[in-house]
Amino acid sequence: PECASTTMTFAPDSRRLAVASRDGTILLWDLGRLLSQRGVPRPTRPAELWNQLGSDRISHVWQATRTLEQNPNAALPLLRDQLQRVQMPTPEQVERWVKNLEARSFHEREKASQDLTAVVLLVEAQLQQKLRSGASMETQRRLQAILAQIERPVTSPEAARFLRALRILEHLGTAEARKVLETIAARFPQTRLGKEAEAALARTGSP
C-alpha cells in the first residue's frame, strides 16, 4: 500500500497499519501477512535501518521498525546515537534560511524550504513567530507549507526518522529506552520534538 493518504499510524504491535483518506475511509492493513507475500527484504545493517526509518514507503518503514523492536540490544545504541546527533539550529541559521525563502534564485528558495522542513520539529515556534511578523507573500506561503508538516504525516526524511525513533523507544518501554526519551525531552524543551518525547514518556507510564 504505497498510495497517498492524509494520516497513517501503526498499531502498538507494529504489525497493523491504519490509513485514513480524505473521504473519511480508514483501511486497516495486516502488514506482516502482506509483506511476507510480497517478499519484501528485511534490512539488517544499522545505517540501512536508520535510512529506511525515513522512507516514504510503508513497507520499508515497517520492516525497519519491526527489526528494531525485535532487537532492542541493537536498537537502543542506534537510536540513542542518532538522536544524540540532533542539534538545535542557531537563531542566525534560522534567520538565514527564512531570509532565503524569498531569494531571487528558485534553487535557493527550495533549498531554504528543505532545510527548514528538516528541522521543523525544533523550530516550530520561531517559524510561527516569523509567520505573524508581516513576512512577504512568498515567505508566508512557504512557511505555511513547512508548518503544515506538523499536522500531517511528515515528508521530510529527517523529521520522519526522529518521530519514528521516538515511537520505537516508546514501544520498547525499557528503562534504557525511557532514559533516551528523557534526554530528548530535557535537551529540547518547548519544541515539538521535546513534546513528542514527553508524550511518549507519559504513555509508557512509571518505570
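The values are calculated or read from the model by the stated rules, or taken from the named source; none is laboratory data. Since we're looking at a predicted model, the values are computed, not measured. With ideal geometry, Cβ positions are generated from the backbone for all residues, glycine too; neighbour counts draw on all protein chains shown. For the accessible areas, the whole protein counts, side chains as well, though only heavy atoms, and no ligand, DNA or RNA atoms are used. Shrake-Rupley method; radii C 1.70, N 1.55, O 1.52, S 1.80 Å.
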Starting from the residue with the highest accessible area, list 178, 187 in decreasing order, probe 1.4 Å. 187, 178
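So between residue 45 and residue 92, what do we pick up on full extension, going 0.36 nm a residue minus the alpha carbon distance? The partial results should precede the final answer.
Values: separation 47, 0.36 × 47 = 16.92 nm, distance 3.63 nm.
Full extension from residue 45 to residue 92 adds 13.3 nm.
Rounding to the nearest 20 debye, state how big the charge dipole of region 65-207 is about its Cα centre with +1 on each Lys and Arg Cβ and -1 on each Asp and Glu Cβ.
Numbers: 22 positive and 17 negative charges, 27 e Å.
Using Cβ point charges on Lys, Arg, Asp and Glu, region 65-207 gives about 120 debye.
Determine the order of 162, 106 by accessible area, beginning with the largest, at a probe radius of 1.4 Å.
On the way: 162 35, 106 125 Å².
From most accessible down to least: 106, 162.
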Could you tell me which of rounded, prolate or oblate describes region 156-207, using a ≥ b ≥ c as the square roots of the eigenvalues of the alpha-carbon gyration tensor, with rounded for a/c under 1.5 and, failing that, prolate when a/b is larger than b/c and oblate otherwise? oblate
Within the set of other residues whose C-beta is less than 12 Å from the C-beta of residue 46, count the net charge using Lys and Arg as +1 and Asp and Glu as -1. 0
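Can you give me the accessible area per residue for region 42-196, using a 1.4 Å probe, in Å²?
Working: 8110 Å² over 155 residues.
In whole numbers, region 42-196 has 52 Å² accessible per residue.
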State, to one decimal in nm, how far the label point of residue 174 lies from the label point of residue 57, with both points 7 Å from Cα in the Cβ direction. 3.0
For region 49-203, shape from the Cα gyration tensor axes a ≥ b ≥ c, cut at a/c of 1.5 then a/b versus b/c, turns out prolate
Lysine pairs in region 47-204 with Cα atoms under 20 Å, if 8 or more residues apart or on separate chains: 4
Which one of 140, 189, 175 is farthest out on the positive end of the charge dipole of region 111-207, using unit charges on Cβ (Lys, Arg +1; Asp, Glu -1) and the Cα centre as origin? 140
